[in-house]
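Colleague: Take a look at the following structure, please.
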Amino acid sequence: MDAASKFTGLPDRELRPIPYWALSSWFPEVLSALPTLVVTGPSWADAHRFLRLVRCFCRRGVLLTELTPGSFLGLPMHLRPTILMEQSKIARQLRGYLRAGSSSGARVPKAGVFFDPHCAKALYCDDDDLDSELREGVLRVSLYPVRRNAAFFDIGAETRLAAEIQPQLLQYRLKNFQAVQAARFDAPEFTTSVRELARTLGASVAGDPTLTAGVTSLLSAQDEEIRASWTTLPDFAIIVTLLALVHEKKEPRVPVKKLVEFVNAVLSAVEIGFLLSRLNLPRARTAGGMVIELTRQVSRRVHDLKQRYGVTTSPESFPGCADCEPSEVPRNRQLV
């Protein structure tokens, strides 16, 4: 991405997502997920110039501003354009359309027909306007103040760069279309949203072994951020608390009221009950109120949740706990 470095002055590490995002935009028909490039920075002028620059690398890029839900549904999506958005505010309904368009198969009802919003996107907007689901499956570029020696990107430079790069990328699409369609790149160690993103990026660069090898390192930090965010969830606190109670083996049961105190004094019993149901942790009603029987079934479930949420304990396994050691016969795991 010498051209991107030349005209932005950004360090190579900041520009790493660009080749992956740009190449994925050339295969919208065969990629089940199309990544969104989120551009952040204090200057709208820098963002506008940057979106014009990346338009030279993506397929059928069109620069749009202030899209409404209605105008979005009027776009010629059958052409599979790459949408480059400068947006001061994203309406909730439009956020839903953008989220749906990140994966294939979703349709939006429109005047008696089904509208397919599937397309590659680059957004410059307030990060608070992004849904949590949309945040997890994005690539990010932060626009620092440009270096003084960065080349100015005027219309002439844009025209020359597009004339040079677009034919090369079209040739890449024609040469590698079947390889991308047949690609089976995977990164099963990642969380679901990042794994899906990794599969897309790995497939779209199937013709470039160097870029393929860099997918995992590109997304590792993003995956770690998602896992770290889980530790702030009430679900995480419930799992940690029940693990401690199961391993202490002091009591055969714990009142839900007591669990509320352990987890968070602010949370109400109703909130805890809802979260317990979502985690598929059974409760029983007694004369003193709702309780959780610390049975082997609950122990297995909590240990399964420990693995799913990436909870770490010290020590890693507890002596005498059959569920801390991996079973020789895989158990049927229930979905959270």
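The values are calculated or read from the model by the stated rules, or taken from the named source; none is laboratory data. Please read these numbers as outputs of a predicted model, since none were measured by experiment. Cβ coordinates were reconstructed from backbone atoms using ideal geometry, including for glycine residues, and neighbour counts include every protein chain displayed. For accessibility, only protein heavy atoms count, side chains too; no ligands or nucleic acids. Shrake-Rupley method; radii C 1.70, N 1.55, O 1.52, S 1.80 Å.
Colleague: Would you grab the residues whose amide H sits under 5 Å from the one on ALA122? Only those 5+ places off in sequence or on another chain, please, with H modelled 1.01 Å from N.
Modeller: The list, which skips near neighbours in sequence, is LEU37, ILE83, LEU84, MET85.
Colleague: If you plug each phi of region 94-100 into the Karplus form 6.51 cos²θ - 1.76 cosθ + 1.60 with θ = phi - 60°, what whole-Hz ³J(HN,Hα) values come out, in order, with x for Gly and Pro?
Modeller: Result, rounded to whole Hz: 5, 4, x, 5, 5, 5, 5.
Colleague: Can you give the local net charge around PRO255? Use residues other than it whose beta-carbon is closer than 14 angstrom to its beta-carbon, Lys and Arg +1, Asp and Glu -1.
Modeller: Numbers: positive: LYS250, ARG253, LYS257, LYS258, ARG283, ARG285; negative: GLU251, GLU261, GLU293.
It works out to a net charge of +3.
Colleague: In terms of the Cα gyration tensor, with a ≥ b ≥ c the square roots of its eigenvalues, is region 4-87 rounded because a/c is under 1.5, prolate because a/b exceeds b/c, or oblate? Don't skip to the end; give the middle numbers.
Modeller: On the way: a/c = 2.23, a/b = 1.29, b/c = 1.73.
It comes out oblate by the Cα gyration axes.
Colleague: Any chance you could give the angle, 0 to 90 degrees and rounded to 10, that helix 192-204 forms with the longest Cα principal axis of the chain?
Modeller: 30 degrees
Colleague: Quick check: with the 1.4 Å probe, what order do THR212, THR159 take by accessible area, largest first? Walk me through the intermediate numbers first.
Modeller: Values: THR212 35, THR159 85 Å².
These residues rank, largest area first, as THR159, THR212.
Colleague: Here's a follow-up. For the chain, what is the calculated [θ] at 222 nm in deg cm²/dmol (nearest 500), taking -39500 (n - 2.57) for each run of four or more DSSP H residues and dividing by its residue count? Could the numbers behind the result be given before it?
Modeller: Numbers: 15 runs with 160 residues, N = 336.
Value at 222 nm, helices only, nearest 500: -14500 deg cm²/dmol.
Colleague: Hey, can you grab everything whose amide H is under 5 Å from the amide H of ARG16? Only 5+ residues off in sequence or another chain; H modelled, so Pro and N-termini drop out.
Modeller: Under 5 Å from the amide H of ARG16: no residue qualifies.
Colleague: Normalised by the number of residues in region 1-117, what is the relative contact order in percent for Cα pairs under 8 Å and 6+ residues apart? Write down the numbers at each step before the final one.
Modeller: Working: 122 pairs, mean separation 25.5, N = 117.
Once divided by the residue count of region 1-117, the mean separation gives 22 percent.
Colleague: Whole number in Å², please: accessible area per residue of the chain, 1.4 Å probe, ligands, DNA and RNA not counted. The partial results should precede the final answer.
Modeller: Working: 17640 Å² over 336 residues.
So the chain comes to 52 Å² accessible per residue, rounded to a whole number.
Colleague: Ordering HIS303, HIS78 by accessible area with a probe of 1.4 Å, largest first, what comes out?
Modeller: Values: HIS303 10, HIS78 150 Å².
Sorted by accessible area, descending: HIS78, HIS303.
Colleague: Sort out for me the Cα centre separation of region 162-207 from region 1-79, rounded to whole Å.
Modeller: Using only Cα atoms to place each centre, the spacing works out to 16 Å.
Colleague: Residue by residue through region 239-253, which ³J(HN,Hα) values in whole Hz follow from phi under the Karplus form 6.51 cos²θ - 1.76 cosθ + 1.60 (θ = phi - 60°), with glycine and proline marked x?
Modeller: 4, 4, 5, 5, 4, 4, 5, 4, 7, 5, 6, 7, 10, x, 8
Colleague: Right, something else. I'd like the carbon and sulfur percentage of the solvent accessible area for the chain, probe radius 1.4 Å, heavy atoms only, ligands and nucleic acids excluded. Present the calculation step by step, with values, prior to reporting the outcome.
Modeller: Details: 9550 of 17640 Å².
Heavy-atom surface of the chain belonging to carbon and sulfur, 1.4 Å probe: 54 percent.
Colleague: How large are Rg and Dmax for the chain when only the alpha carbon atoms are used, in Å?
Modeller: When restricted to Cα atoms, the chain yields Rg and Dmax of 24.4, 80 Å.
Colleague: Then there's this: Would region 149-193 count as rounded, prolate or oblate if I go by the C-alpha gyration tensor, calling it rounded below 1.5 in a/c and otherwise prolate when a/b exceeds b/c, oblate otherwise?
Modeller: oblate
Colleague: Still on this structure, please answer the following. Could you sort LYS250, LYS6, LYS121 by accessible area so the largest value comes first, with the probe set to 1.4 Å? Present the calculation step by step, with values, prior to reporting the outcome.
Modeller: Values: LYS250 155, LYS6 120, LYS121 0 Å².
Final ranking, largest accessible area leading: LYS250, LYS6, LYS121.
Colleague: Amide H to amide H, which residues 5 or more places from LYS110 or on other chains are under 5 Å from it, using H placed in the peptide plane?
Modeller: The answer is PHE115.
Colleague: So, one more: GLU158 accessible area, nearest 10 Å², 1.4 Å probe?
Modeller: It works out to around 20 Å².
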